[in-house]
Amino acid sequence: MSTSPNVPEPKESYVYETASTPRWIYVVFIAAFALIGYLVYAGNEARTKLATDLEQSNSKQAVLAAQIDQTNSRLADLKGQLEVTTQKLGFTQAELGQARALAQGIRESQKDSDEKLTAQIGQVKADTDTKLGQVSTDITGAKGDISATRQDLEATKAKLTSTVGDLGVQSGLIARNQEELDQLKRQGERNIFELHLSKSKTPTRVGPIQVTLTKTDAKKFKYTLVVIADDKTIEKKDKTADEPVQFYIKGAPRPYEIVVFDVTKDKVNGYLSTPKDTTAARTQ
């Protein structure tokens, strides 16, 4: 085979293929961009929140500052009040000290008084016990005396006698001495007025009547008297001791009686007896 002379031979052409970028690099870049975006967003959000929080904090700080001012003002007021109270408390403490001292003195005084009172009560109790013993003894003795007195009264009552008066009227029981007169009073059957007369020209009032003693004879136990009653004057002459001297008063169903049981020189003692069922007329 023939060849063309001096014809250059064709050169070989070389085709170079470039190597492709791995896919994981894209993934990394995408993740990096996403991360950067998130970080930028998160930073913005953080700055926004921080700004909001800062604004709220400033607002709270302003409120807190106002409250602190108010608190300081109140503290100043309280301090002033505390100082005044402290001054007053100083006086109060002094007064309390005086009060405590006074109370202590009162307690000590009361204690002394209680001790003295206890001693006095003990003494009074002892005296009372002694006196009660004496009273018991006295009561026992008094019972005996009362019994004896009762017996004496019964005996005295038995001695009281009745007799006929100077008008011939039966008299009631008569007393012949002071003891029997006391018993007659206790019986209470008639009104009894004691009579103590001395010789005189002037009448003496005895109960509802007036009586004048004109004469006495101590040896014979005789006497003479004048009775003024019911606008009448009655002379009872030479009467004997223990003799009922009788006379009537207007309106009285039974006679009045004068009994003299003691005749001495110029003096007699006895009593006037009047019935209880009538009212005596007034005498002049």
- Report yes if residue 150 is part of a helix (DSSP H, G or I) and at pLDDT 90 or above, otherwise no. no
- residue 157: closer than 30 Å to residue 263 by Cα and either touching a Leu at 6+ places or on another chain (Cβ under 7 Å) or modelled with pLDDT under 70 (or both), yes or no? yes
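Conditions tested, residue by residue: (1) over 19 Å from residue 207 (Cα atoms); (2) surrounded by fewer than 19 Cβ atoms within 10 Å (Cβ to Cβ).
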position: 226; (1), (2): no, yes
position: 236; (1), (2): no, no
position: 241; (1), (2): yes, yes
position: 250; (1), (2): no, yes
position: 260; (1), (2): no, no
position: 269; (1), (2): no, yes
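Residues checked against (1) open to solvent by 40 Å² or more (accessible area, probe 1.4 Å); (2) under 12 Å from residue 259 (Cα atoms); (3) part of a strand (DSSP E or B):
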| site | (1), (2), (3) |
| --- | --- |
| 181 | no, yes, no |
| 186 | yes, no, no |
| 192 | no, yes, yes |
| 210 | no, no, yes |
| 213 | no, no, yes |
| 219 | yes, no, no |
| 223 | no, yes, yes |
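The values are calculated or read from the model by the stated rules, or taken from the named source; none is laboratory data. Computed from a predicted model, the values in this text were never measured in an experiment. Methodologically, a virtual Cβ is constructed for each residue, glycine included, from the backbone with ideal geometry; neighbour enumeration extends over all protein chains shown. The accessibility values were calculated without ligands, DNA or RNA, using every heavy atom of the protein model including side chains. Shrake-Rupley method; radii C 1.70, N 1.55, O 1.52, S 1.80 Å.
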